[in-house]
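Asker: Let me give you the structure first, and then I'll get to my questions.
Nothing in this text is a laboratory measurement; each read-out follows from the coordinates by a stated rule. These numbers come from a predicted model, not from an experiment. Cβ sites come from the backbone with ideal geometry, for glycine too, and all protein chains shown count toward neighbours.
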Amino acid sequence: MEKKTGRIIKVAGPLVVANNMLGSKMYDVVFVSDMKLMGEIIELNEDTAYIQVYEETSGIGVGEPVYQTGYPLSVELGPGLIESIYDGTQRPLDKIYSQVGDFITRGIQTNALDRNKTWKFIPIVKKGDKVSEGDKLGYVQETSLIKHYIMVPPYLSGEVIDIKSGDFKVDDVVAVLKDKDNKNLEINMMQKWPVRKPRPYLEKLPPILPMFTGQRVIDMFFPISKGGTACVPGPFGSGKTVIQHQLSKWADAEVIVYIGCGERGNEMTDVLIEFPELVDPKSGEPLMKRTVLVANTSNMPVAAREASVYTGITIAEYFRDMGYSVALMADSTSRWAEAMREISGRLEEMPGEEGYPAYLAAKIASFYERAGRVKCLASEEREGALTVIGAVSPPGGDLSDPVVQATLRVVKVFWSLEAQLAYRRHFPAISWLNSYSLYIDNIKEYIIKNVSENYFELQNKSMRILEEEAELEEIVRLVGIDALSGNDRLILLVAKMIREDFLHQNAFHEIDTYSRIDKQYKMINVIQYFYTKGKEYLQKGINIVDIENMRVRDRVARMKYTPIENIENIESIKKEIDDEFDELLKKL
Amino acid sequence: MIKEYKGLVNIMGPLILVEGVSGVKYEELVEIELPDKSKKNGKVLEVNGNKALVQVFEGTTGIDIERTKTRFLGHGIHIGVSKDMLGKVYNGFGKPKSEKDKIIPEENLDINGAPINPYARNYPNEFIQTGISTIDGLNTLVRGQKLPIFSGSGLPHNKMAAQIARQSTVLGKDEQFAVVFGAMGITFEEAQFFIDDFKKTGAITRSVLFLNLADDPAIERIATPRVALTSAEFLAFKHDMHVLVILTDMTNYCEALREISAARKEVPGRRGYPGYLYTDLSTIYERAGRIKGKKGSITLIPILTMPEDDKTHPIPDLTGYITEGQIILSRSLNRKKILPPVDILPSLSRLKDKGIGKGKTREDHADLFNQLYASYARGKEAEELAVILGESALTDMDKVYLKFAQDFELEYISQGDYENRTIEQTLNLGWRLLSIFPKEELKRIRDENIEKYYKKV
């Protein structure tokens, strides 16, 4: 495979410079030294190539060889991806573990997809059918949740002259096509695709379908659509990772790709231990059966971290092409940006803001732009969606950080995490005053049709109450609560109910961790009902202090723990509200 | 074959440049012989053609251009490790402090280690009882966790770390921790405090000490946490020991890193620290953990002093992004003589949920912790309000919260240096303090736990 050999002339951290490299192309993969450390060419200058090496470079010296491959960094796509855990360059970590043990040593080469495992291939097309790029040839039941469709790779088409059925390995030929030049094309179950190149689709579609997440603050106030983009910036300890985990557990998507980019090792372990035990609310199957993990933790080589987000999104695009709705979580894009900064610094490029390279914003934008709801590349009508949710970890939680700013320019949903909320143990610590979602108009129609007509009315009213609370709190701070009118105190009371009984959601409580959209609607409805009644009875002369001490408030506080089978019980709280108000009126 | 070169081209700060070399490897260990025949150690930072840039650990004092000899040893920095290291003292580079500290190494290990495969990790979930209520009850530490103490100058972080080292046990087991202590740039007195304390309690026989004091070469500090963690890994994963690693003071380590970065004229990141500070710190902190199928574990408590008590300073900030929580010390509590002055609200242990509850501590622990936390937060808000408007402006319930917050600080947070509270005592103390409230106020506690413990313990 290796063609020409270059010679190292400089080693500085993850950057290696070699000469005698004519014939290689930008972003080609090379193997450095006889340890065969994988690297990628990131700059060419006559016959000198600048290489970012995906593994630790200690012990490498001048004069050692560099082997060219002529291929760009690519991922293997085929059955076996689901339930895998890969590093940033798609080496399976479980295979590395069985090869070399607890610690990752260098120069390990393994195949991303297991070559020995057989899969039962069931054909969809028959001999004589004309197929073109992206068309489904057949499928493999990869896990109980995922039918893995074997598609004609991009740029190929022709007439099926042979199609097999039965048990095959990923590199066995399952179909033969005859193209227009009468050439036979052998197709196996595995495609290779360069990670830095987006996979093709026919056209992008507007994001009109909501992606429900079961998280009340998100679904009710700052929803995301299928094919949308969102970012979650916040200081440490504000719960970014918990939100990302919650979304990958409960988001209404068929395939989840989770990229742990430069974060903690134990967090990936947590996912690995927890996901196989958690059950998908829709299918009753373990969540792991729809999940692909890419883990390049903070102590793993920095250049591979740079590659990991591309590896992840290419895998996600591949499932999108099958017609699935895919959600990709990247935790954290700041670490990815820092990896770019480190490489850029070693290249001695002129730095932009905060030392980040000048092309930072362009790279971030083109990454998020790979999301979207699309008409897939195929002759049949097929729709897929790729939703991208990126965590950002700005230094000191400061949102003026270049990575946050560059991200906000492209994403449509902003969930702002606040340390103050986290200190008060209000989780998810998504600020209701600063966050926004630009998808509300897109998904309005769907929600009105499928959830409720007055959904957005309730949403607006509730948001208004929260805003008024913020204003009133200023006044309370100056003059004390006694100076407020009964109506204002009622607003404070209802705002507190919205915050504590609706927005606050316990990710570690077996029922509260996931709220179906109809339950959310019923809950907010009850709170608004309480507000309407409260206003009414204040007018009738009931004292606000009595309202503040109503017993039914305890019922409202506990409605979040109502199991989904009993959600009709939430409705019955309205009756209790009526009864208790009447009781108060009688006492008067 | 070891090659020796005579003469240098350039000396700048802690760096020297050697020309005309061949076969030099990145990160290779270098022995430098001065004109007066004394020896220093260095590490290759960059090789470029026939030039090698070397970082000198002991500083460049006494090195000259003409007569200095450099010897490239063909391997990275290694440390000889053995179980006999327990009870011995080393310098910051892993060299024995005196004749009696020498050992016969069982193995020679590269101090950079290798990243633990995330697939091989075992999730930390075994509760460690430190005997300190603010940690056990509210910011629970578990085996294999990395939990830093964010402190400020003049705050008693050393006392707290020594107390943790002294008292830590795992419930129901009589295993004691081995302690690996890495000191970076701290004063003689501070180091002596730890040594005396370890001696007094007998912990010294199960401790390994790596000392780089304030007057030791600053650049040597770059190696100190790595040699400490390499020996900890050896003890934990080869000898099945539970190791508690205390690293103090990480701020000095980062400053040494900045010094080298500046000497190399790298593009600085925030406050002059290099852009790779996060990556560099993670290669230290991420070495804590547990591994599947191994009995031992590494629990890491780095201590750092926040310049100007500023939590957003790059060192605490990046540390917080890597570690699994943080214990923050408060100057105002310290002033009130509430010791250890743990600032409850911003402190956090991310792994506590897996380490507490039935079978680990007690079934009411999670609820109790949430309630104490929420009540204390509200009490502090009431306190602020009372400062502005006067106590009479508070509602009756707010007054109760205010009283709770004060009692909580005096009885729960405040604790003597030698007071070792069991988890049972800590939990019951929490219930006792909460009994000031009517039952209905305790919204975060499940009914069955209220039934069982409220006003009963």
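Asker: Quick one: dipole size for segment B:1-135, taken about the Cα centre, charges +1 on Lys/Arg Cβ and -1 on Asp/Glu Cβ, in debye to the nearest 20.
Answerer: 180
Asker: A further question follows. If you look at just the Cα atoms of the protein assembly as shown, how large are its Rg and its Dmax in Å?
Answerer: In Å, with Rg to one decimal and Dmax whole: 30.7, 102.
Asker: Could you bin all the Cα-Cα distances of segment A:512-588 into 10 Å bins starting at 0 and give me the percent of pairs in each, rounded to whole numbers?
Answerer: 18, 50, 24, 8, 0
Asker: Can you put A:Cys261, B:Cys254 in order, fewest other beta carbons within 10 Å first?
Answerer: Least crowded to most crowded, the residues run B:Cys254, A:Cys261.
Asker: Based on C-alpha coordinates, I'd like the Rg and Dmax of segment A:390-458, in Å.
Answerer: Answer for segment A:390-458, Rg first and Dmax second: 15.1, 43 Å.
Asker: Got the relative contact order for chain A handy, in percent, Cα pairs under 8 Å and 6 or more residues apart?
Answerer: That works out to 13 percent.
Asker: What does the structure give for A:506-514 when I average, per residue, the other chain Cβ atoms found within 10 Å of the residue Cβ?
Answerer: Mean inter-chain Cβ contacts per residue within 10 Å come to 1.
Asker: For the protein assembly as shown, what is the charge dipole size about the Cα centre, in debye to the nearest 20, if Lys and Arg each add +1 at the Cβ and Asp and Glu each add -1 at the Cβ?
Answerer: 1440
Asker: Please find the FRET efficiency linking B:Phe188 to B:Glu66, where r is the Cβ-Cβ separation and R0 is fixed at 35 Å, and quote it to the nearest 0.05.
Answerer: It comes to 0.45.
Asker: Only four residue types carry charge here, +1 at the Cβ of Lys and Arg and -1 at the Cβ of Asp and Glu. Report the dipole size of segment B:239-355 about the Cα centre in Debye, rounded to the nearest 20.
Answerer: That gives segment B:239-355 a dipole magnitude of about 360 debye.
Asker: Distance between Cα centroids, segment B:251-286 to segment B:354-397: provide it in whole Å.
Answerer: Distance between centres, Cα-based: 39 Å.
Asker: Now for a separate question. If the viscosity is 1.306 mPa s and the temperature 10 °C, what Stokes-Einstein diffusion coefficient in µm²/s follows for segment A:119-189 when Rh is the Kirkwood radius over Cα pairs?
Answerer: 132
Asker: Share of antiparallel DSSP beta bridges in chain B, in percent to the nearest 5?
Answerer: Counting DSSP beta bridges with both partners in chain B, the antiparallel share is about 60 percent.
Asker: Most exposed first by the Cβ proxy, i.e. fewest other Cβ within 10 Å, how do A:Arg373, B:Arg121 rank?
Answerer: A:Arg373, B:Arg121
Asker: Further question on the same structure: If I model a spin label at A:Lys444 and B:Glu31 as a point 7 Å from the Cα along the Cα→Cβ vector, what separation in nanometres do I get?
Answerer: 7.9
Asker: Send over the semi-axes of segment B:182-326's equivalent ellipsoid, whole angstrom and largest first, taken as the square roots of 5 times the C-alpha gyration tensor eigenvalues.
Answerer: Over the Cα atoms of segment B:182-326, the ellipsoid semi-axes are 26, 19, 14 Å.
Asker: A follow-up question, please. Given 5 Å bins starting at zero, what is the percent of C-alpha pairs of segment B:1-126 in each, up to the one with the largest pair distance?
Answerer: 2, 9, 18, 18, 15, 14, 11, 7, 4, 2, 1, 0
Asker: Considering just Cα atoms, how many Å³ per residue does the convex hull of chain B enclose?
Answerer: Per residue, the Cα convex hull of chain B comes to 155 Å³.
Asker: Report the antiparallel proportion of the DSSP beta bridges in the protein assembly as shown as a percent, rounded to a multiple of 5.
Answerer: Of those bridges, close to 65 percent are antiparallel.
Asker: Also, quick follow-up: Can you give the Rg/Rh ratio of segment A:5-72, where Rg is from the C-alpha atoms and Rh is the Kirkwood radius?
Answerer: Over the Cα atoms of segment A:5-72, Rg/Rh equals 0.90.
Asker: With contacts defined as alpha carbon pairs under 8 Å and 6 or more residues apart, what's the relative contact order of segment A:332-429 in percent?
Answerer: RCO, segment A:332-429: 25 percent.
Asker: Only loop residues by DSSP count here, and only those with at most 12 other Cβ atoms within 10 Å; note down the chymotrypsin sites (Phe, Trp or Tyr not before Pro) in segment A:133-234 that meet that.
Answerer: Those satisfying the criteria are A:Tyr155.
Asker: Among B:Arg335, A:Arg516, A:Arg7, A:Arg305, which comes first, then next, by fewest other beta-carbon atoms within 10 Å?
Answerer: Ranked by crowding around the Cβ, least crowded first: B:Arg335, A:Arg7, A:Arg516, A:Arg305.
Asker: Now for a different question. May I ask you to derive the relative contact order of segment A:402-554, considering only C-alpha pairs under 8 Å and at least 6 residues apart, and to give it as an integer percent?
Answerer: 20
Asker: Okay, next question. How are the Cα pair distances of chain A distributed, in percent, across 20 Å bins from 0?
Answerer: 19, 46, 26, 8, 1
Asker: How far apart, in nm, are two points set 7 Å out from the Cα along the Cα-to-Cβ line at A:Asp34 and at B:Glu448?
Answerer: 6.5
Asker: Give the calculated FRET efficiency between A:Asn569 and B:Asp353 to the nearest 0.05, with a Förster radius of 22 Å applied to their Cβ-Cβ distance.
Answerer: With R0 = 22 Å, the Cβ-Cβ based efficiency is 0.20.
Asker: Using a Förster radius of 22 Å, what is the FRET efficiency between A:Glu186 and A:Asn111 based on their Cβ-Cβ separation? Nearest 0.05, please.
Answerer: The computed FRET efficiency comes out at 0.70.
Asker: Segment B:280-398: D in µm²/s via Stokes-Einstein (Kirkwood Rh, Cα pairs, 25 °C, 0.890 mPa s)?
Answerer: Reported coefficient: 141 µm²/s.
Asker: Rounded to two decimals, what is the ratio between the C-alpha radius of gyration of segment A:455-587 and 2.2 N^0.38 Å?
Answerer: After normalising by residue count via 2.2 N^0.38 Å, the value is 1.07.
Asker: With unit charges on the beta carbons (Lys and Arg positive, Asp and Glu negative) and the dipole taken about the Cα centre of the protein assembly as shown, which residue among A:Gly101, B:Ile164, A:His426 sits farthest to the positive side?
Answerer: Going by the Cα projections, it comes out as A:Gly101.
Asker: Hey, another quick one. Roughly how many nanometres apart are two label points built 7 Å out from the Cα toward the Cβ at A:Tyr359 and B:Asp196?
Answerer: In this crude spin-label approximation the distance works out to 5.9 nm.
Asker: Additional query: Charges on Cβ only, +1 for Lys and Arg, -1 for Asp and Glu, centred on the Cα centroid of the protein assembly as shown; of A:Val16, B:Gly185, B:Thr134, which one is farthest towards the dipole's positive end?
Answerer: Positive-most Cα among the choices belongs to A:Val16.
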